[in-house]
Amino acid sequence: MDMKQKIILICGPTGIGKTHFAIHLAQAFDGEIIGADSMQIYKYMDIGTAKPDADECRMAPHHLIDFVKPDQAFDAGRYIRHADAAIAALVSRAKLPLIAGGTGFYLKALLHGLFRERTADRLVLDRLERERESKGAKALHDRLIQMDPEAAKRIHPNDAFRVIRALEVLEVTGKPISSHQQSHGFSEERYDTLKFGLHMERSLLYKRIDLRVDLMISQGFVDEVKGLLERGYSCELKSMQSIGYRHMCDYLKGNLPWDEAIRLMKRDTRRYAKRQFTWFRSQKEMIWLEPSETKKAEQLVSEFLSTSIS
RNA sequence: GCCCAGGUAGCUCAGUCGGUAGAGCAGGGGACUGAAAAUCCCCGUGUCAGCAGUUCGAUUCUGUUCCUGGGCA
């Protein structure tokens, strides 16, 4: 029988201390860390994404970080392929893979796969997007009601992003997205996973977030964003529309006064952390720990590694 | 000490010609199948500062106490 590869997963909201926690386990179990973060993948975006620094990378090697240019397309499907390869490479060197990150969708995709092997059709998406601009989101949703009532029921008319995707899938594959989703159902278990979710009192986390934003500023975050613009990476890029980067763009373009830019950057980071909690809370078999409970985590990892699948 | 203006949601305030109240911001909950740090949905009970009085009924009127800000001494 084929045994699924054992991996450790560490997730939690931004700023809670995933990196530190993961490094601790990596050192304790001869492991290496594979990031699961949709923004830390980008080169030149270091301060604002809170990438692990040189010291931290020395303490434990990190993978899937800092390897994509800010204007290159990336998505969950590509993430799976890279992560699978990284896991296989670690296993071949007898290293324990520790997946650490805050992008819930990437983690879910890695653990359960996605319903189809092809990437979204950019041309079709763009055409639908233009149609939304001229006819409105409601018109697209009305069409979805006709063509895929099942999906239309689950997607809110205002969520143009998902309405467009559903129409694109229908057009490109000839099958409604709802039937793809139904037959896939995230039922596949691609790895044997021990899942840690880090949590702490909300007000405490928010204080840490506010402090971390101030720290980013003192580390030269504004210059980092200026540097990106000088390299030709515009504010319209998806990567540059992320938290912090979009706020600095607005400040540099004169759309926001400094204090307001900082205030909004902190607020939006807090809201992001809240959304991450919502995402991770709904995941099954999550072991919730405080970031300081590394001893307990070690114990659980030991037990996990000593049991074989039967 | 005196005079004036206030004390209403976590914050800034609106309002009730007497029938127990609502905006913005902050915040909370949720969704999520190849753009996910994105995208989208839902959520406002709070001794209307305390006490007493008038009234069928007071957060609203009256008195008084306390607190805050400003002015005069």
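Of everything in segment A:37-90 that's among the aliphatic types (A, V, I, L, M) and near RNA strand B (Cβ under 9 Å from one of its atoms), which residue is surrounded by the most Cβ atoms within 10 Å (Cβ to Cβ)? Explain how you work it out, then say what you get.
The initial filter retains those residues of segment A:37-90 that are among the aliphatic types (A, V, I, L, M), namely A:39, A:41, A:45, A:47, A:50, A:54, A:59-60, A:64-65, A:68, A:73, A:76, A:80, A:83, A:85-90.
Filter once more, so that each one left must be near RNA strand B (Cβ under 9 Å from one of its atoms): A:39, A:41, A:45, A:50, A:73, A:76, A:80.
On the way: A:MET39: 24, A:ILE41: 27, A:MET45: 24, A:ALA50: 19, A:ALA73: 10, A:ALA76: 16, A:ILE80: 18.
Filtering first and then ranking leaves A:ILE41.
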Quiz item: Just one of A:MET147, A:MET216, A:MET240 is under 29 Å from A:PRO291 (Cα atoms) and either more than 20 Å from the chain's Cα centre (by Cα) or among the hydrophobic types (A, V, I, L, M, F, W, C) (or both); which is it?
Solution: A:MET216
Quiz item: Taking interchain pairs and intrachain pairs at least six residues apart, which have beta carbon atoms under 6 angstrom, with the first residue in segment A:177-196 and of a type in the set (Gly, Ala, Ser) and the second within 13 Å of RNA strand B (Cβ to nearest atom)?
Solution: A:SER178/A:ASP148; A:SER178/A:GLU150; A:SER178/A:ALA151
Quiz prompt | Failed criterion for A:ILE16 (all others in (1) within 20 Å of A:GLY197 (Cβ to Cβ); (2) touching a Phe, Trp or Tyr at 6+ places or on another chain (Cβ under 9 Å) hold) | solution = (2)
Practice problem: Run A:LEU289 past the list (1) under 25 Å from A:PRO70 (Cβ atoms); (2) more than 17 Å from the chain's Cα centre (by Cα); (3) modelled with pLDDT of 95 or more; (4) surrounded by 14 or more Cβ atoms within 10 Å (Cβ to Cβ) and report the number of the one that doesn't hold. | Solution: (1)
Quiz item: Considering segment A:159-215 alone, what residues qualify as being closer than 29 Å to A:ILE99 by Cβ, more than 13 Å from RNA strand B (Cβ to nearest atom) and surrounded by fewer than 14 Cβ atoms within 10 Å (Cβ to Cβ)?
Solution: A:GLU189, A:LEU211, A:LEU215
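Can you find even one residue in segment A:173-186 that is under 28 Å from A:TYR42 (Cβ atoms) and not charged (D, E, K, R)?
At the first step, the residues of segment A:173-186 found to be under 28 Å from A:TYR42 (Cβ atoms) are A:186.
Subsequent filtering for residues that are not charged (D, E, K, R) retains A:186.
Yes, that holds for at least one residue.
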Quiz item: Of the residues that make up segment A:141-154, is at least one surrounded by 13 or more Cβ atoms within 10 Å (Cβ to Cβ), farther than 15 Å from A:GLN181 by Cβ and within 11 Å of RNA strand B (Cβ to nearest atom)?
Solution: yes
Exercise. Filter segment A:108-140 down to the residues that are outside any helix (DSSP H, G or I), within 11 Å of RNA strand B (Cβ to nearest atom) and of a type outside the set (S, T, N, Q), then identify the one that is surrounded by the most Cβ atoms within 10 Å (Cβ to Cβ).
Key: A:LEU114
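I'd like to verify a number: residues in segment A:243-283 that are at negative phi, within 12 Å of RNA strand B (Cβ to nearest atom), not in a helix (DSSP H, G or I) and not β-branched (Val, Ile, Thr), how many? Break it down stepwise before answering.
Of segment A:243-283, the ones at negative phi are A:243, A:245-253, A:255-283.
If we keep only those that are within 12 Å of RNA strand B (Cβ to nearest atom) too, we end up with A:243, A:245-248, A:260, A:263-283.
Now narrow it down to the ones that are not in a helix (DSSP H, G or I): A:243, A:282-283.
Still in the running and not β-branched (Val, Ile, Thr): A:282-283.
Final tally of qualifying residues: 2.
Within segment A:284-310, how many residues are among the polar types (S, T, N, Q) and assigned to a helix (DSSP H, G or I)?
Going through segment A:284-310, the residues among the polar types (S, T, N, Q) turn out to be A:292, A:294, A:299, A:302, A:306-308, A:310.
Those still in the list that are assigned to a helix (DSSP H, G or I) too: A:294, A:299, A:302, A:306.
The qualifying residues number 4.
Could you check segment A:1-107 for helices (runs of 4 or more DSSP H) lying wholly inside it with 2 or more residues that are touching a residue at least 24 places away in the same chain (Cβ under 8 Å) and within 13 Å of the chain's Cα centre (by Cα)? Don't jump to the end; show me each part of the working.
Details: elements: A:18-29, A:54-59, A:76-92.
Those helices (runs of 4 or more DSSP H) span A:76-92.
The values are calculated or read from the model by the stated rules, or taken from the named source; none is laboratory data. All values derive from a computational prediction rather than experimental measurement. Virtual Cβ from ideal backbone geometry, glycine too; neighbours counted across all protein chains shown.
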